[in-house]
Amino acid sequence: MADKSITKTELVASIASATGQSQAAVSGVVDALFTTVSEAVAKGSKVSIPGWIAFEQVETAARTGRNPQTGATIEIPAGKRVKVTAGSKLKAAAK
């Protein structure tokens, strides 16, 4: 696992430097990207950037769980979650 994570500010600065765009413009694009992804996934659409990453909403079934403090059985209701899948280029970059 990496020792350091990159913040949004560092990401924006890096992209701005690489593209010659202003940090304000890049920040607006990054914000719009994640807003668009969030809205699409919330509607049930799959968002895919081939080779890099895919986001989709998946249903989870109701199940029985256990409270780790007391050991008591609890019922966990069905729900939705976001599944994020790494693409082949991202997997290759991580090796």
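The values are calculated or read from the model by the stated rules, or taken from the named source; none is laboratory data. Values in this document were obtained by computation on a predicted structure and should not be read as measured data. Reconstructed Cβ throughout: ideal geometry from the backbone, glycine too, with neighbour counts over all protein chains shown. Side chains included, ligands, DNA and RNA excluded: accessible areas come from the protein's heavy atoms. Shrake-Rupley method; radii C 1.70, N 1.55, O 1.52, S 1.80 Å.
Which ones in region 19-33 are loosely packed, with under 11 Cβ neighbours inside 10 Å and under 22 Å from the mean Cα position of the chain (by Cα)?
Ala32
Across region 64-80, what is the total count of residues that are of a type in the set (Val, Ile, Thr) and in contact (Cβ under 8 Å) with a residue 12 or more places away in the chain?
2
Counting just the residues of region 69-83 that are β-branched (Val, Ile, Thr) and surrounded by 10 or more Cβ atoms within 10 Å (Cβ to Cβ), which one comes out nearest to Trp52 (Cα to Cα)?
Residue satisfying both the conditions and the ranking: Val82.
Taking only pairs six or more apart or across chains, which ones have beta-carbon atoms under 8 Å, a first residue in region 19-41 that is over 21 Å from Phe55 (Cα atoms) and of a type in the set (A, V, I, L, M), and a second residue that is open to solvent by 40 Å² or more (accessible area, probe 1.4 Å) and in a helix (DSSP H, G or I)?
Val26/Ile15; Val26/Thr19
Sort out which residues of region 6-50 are aliphatic (A, V, I, L, M) and closer than 27 Å to Gly79 by Cβ, and write them in order of number.
Scanning region 6-50 gives Leu33, Val37, Ala40, Val41, Ala42, Val47, Ile49.
Hey, among the residues in region 49-68 that are open to solvent by 70 Å² or more (accessible area, probe 1.4 Å) and under 18 Å from the mean Cα position of the chain (by Cα), which one's farthest from Ala86 (Cα to Cα)?
Glu59
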